[in-house]
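The values are calculated or read from the model by the stated rules, or taken from the named source; none is laboratory data. Note that the coordinates shown come from a computational prediction; the quantities given were computed from them, not determined experimentally. Virtual Cβ from ideal backbone geometry, glycine too; neighbours counted across all protein chains shown. Note: areas computed on protein heavy atoms with side chains; ligands, DNA, RNA excluded. Shrake-Rupley method; radii C 1.70, N 1.55, O 1.52, S 1.80 Å.
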Amino acid sequence: IEISGSNAGWFGYGFGTSTMIGSYAVTVEGADSSNLGVVQRSLTQMSNPPGTTVTGGEISVTTDGSTATGVLEMAYDGATEFDFTPFLNCEVDSINLIAAKGSTTLIGNHGNSNRVPSMTLTRESSCTCTDTLAPTTMEPTAAPSEATPSPEEASSDDYEICATSELISGYELIVSRDATNSMVKIEISGSNAGWFGYGFGTSTMIGSYAVTVEGADSSNLGVVQRSLTQMSNPPGTTVTGGEISVTTDGSTATGVLEMAYDGATEFDFTPFLNCEVDSINLIAAKGSTTLIGNHGNSNRVPSMTLTRESSCTCSTQPTTTASANN
């Protein structure tokens, strides 16, 4: 399920009934436009927020300018609140559909002008099913003309891992590059019970460029970039850029940011990924709640370095081994 719209406010679709109550809803919402997530709800009552949240499947949100796209992947019957099997197995041609949006990213009352009740979603004619052959028993009548590609061949991911770190046990950082296109991918993973992140560029919090996973709750996490210019709550100022997403696997959340080497004005990864320097300053922190706040001394690791792996090479050798700041 993919839903897209303006990142200035929450939006979503509901399945199963012609009214709000009783629908299974998938929404994009969050604390602000830089911190959006996919939320699933059973709309059992008129409340704020509405109904109860449910979990399941793989979720992610990406942004492109002012447009946010939320994606949910799950089994046909992955949501106990609504089973897509009859619709996608061609047992029925259409299902009930509703839609709504709000003026703020935090979900709330949408008002009559921002909702569309009692419509239907009809399966396209190109989405057909085979009645005579059961998918679970059908055998190929001839050898395939091409071998099935390996995961590496099937993937369009041209990134190579250049550095990894785990400054806090259970919270991993992976920095990869696409040297051909001068793109960097930053992946951070850890418990979805609280916020966590890594900072680049200086040996202290102030002055670092930070990438965090945080949100209103564990079902509504996003990737947030910050320029840590001051001790405040939330800290520093948020910045935007690149493609971001968050996926969850059990209790582990993984945030991904992809951008140009110099995509963040607060820190330029070019010297590190072009082998001009061997290491950069690195800090890490985590919190006990998903909303970012004071981490305390026990939940931070300041003044460490991230070193480029020996397998991540360049045609020219570094001119210095000093850490690279801005």
For this session: Heads up, I need the accessible area for Leu167: 1.4 angstrom probe, whole protein in place, Å², nearest 10.
Result: 40
For this session: Quick one: grab Rg to one decimal and Dmax as a whole number for segment 11-50, Cα atoms only, in Å.
Result: 10.7, 32
Seminar exercise, completed: Measuring from its Cα centre, segment 164-259 shows a charge dipole (+1 at each Lys and Arg Cβ, -1 at each Asp and Glu Cβ) which, in debye to the nearest 20, is 280
For this session: Could you work out how far the C-alpha centroid of segment 1-77 sits from that of segment 161-188, in angstrom?
Result: 29
Exercise. Between Asp77 and Arg115, what FRET efficiency follows from the Cβ-Cβ distance if R0 is 25 Å, with the result rounded to 0.05?
Worked result: 0.40
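So for each of 199-211, 180-192 I average, over its residues, the number of other beta carbons within 10 Å; can you give me the resulting order with the highest mean first? Before the final figure, lay out the partial values.
Working: 199-211: 21.0, 180-192: 19.0.
So the peptides 199-211, 180-192, ranked by packing, come out 199-211, 180-192.
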Seminar exercise, completed: Computed over all unlike Cα pairs, the Kirkwood hydrodynamic radius of segment 155-296 in Å stands at 15.1
Exercise. What nm value, rounded to one decimal, do you get for the distance between Ala8 and Thr53 when each label is placed 7 Å out toward the C-beta?
Worked result: 2.6
Exercise. When the scattering of segment 31-101 is computed by the Debye formula from its Cα atoms alone, each counted once and equally, what is log10 I(q)/I(0) at q = 0.15, 0.20, 0.22 Å⁻¹?
Worked result: -0.67, -1.09, -1.20
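Take each of the peptides 17-26, 48-57, average the number of other beta-carbon atoms within 10 Å over its residues, and list them starting from the highest.
Values: 17-26: 18.5, 48-57: 15.8.
With the highest mean Cβ count within 10 Å placed first, the list reads 17-26, 48-57.
If R₀ is 25 angstrom, what is the calculated FRET efficiency for the pair Asp64 and Asn181, using the beta carbon separation as r and rounding to 0.05?
Numbers: r = 17 Å, r/R0 = 0.68.
Efficiency for this residue pair is about 0.90.
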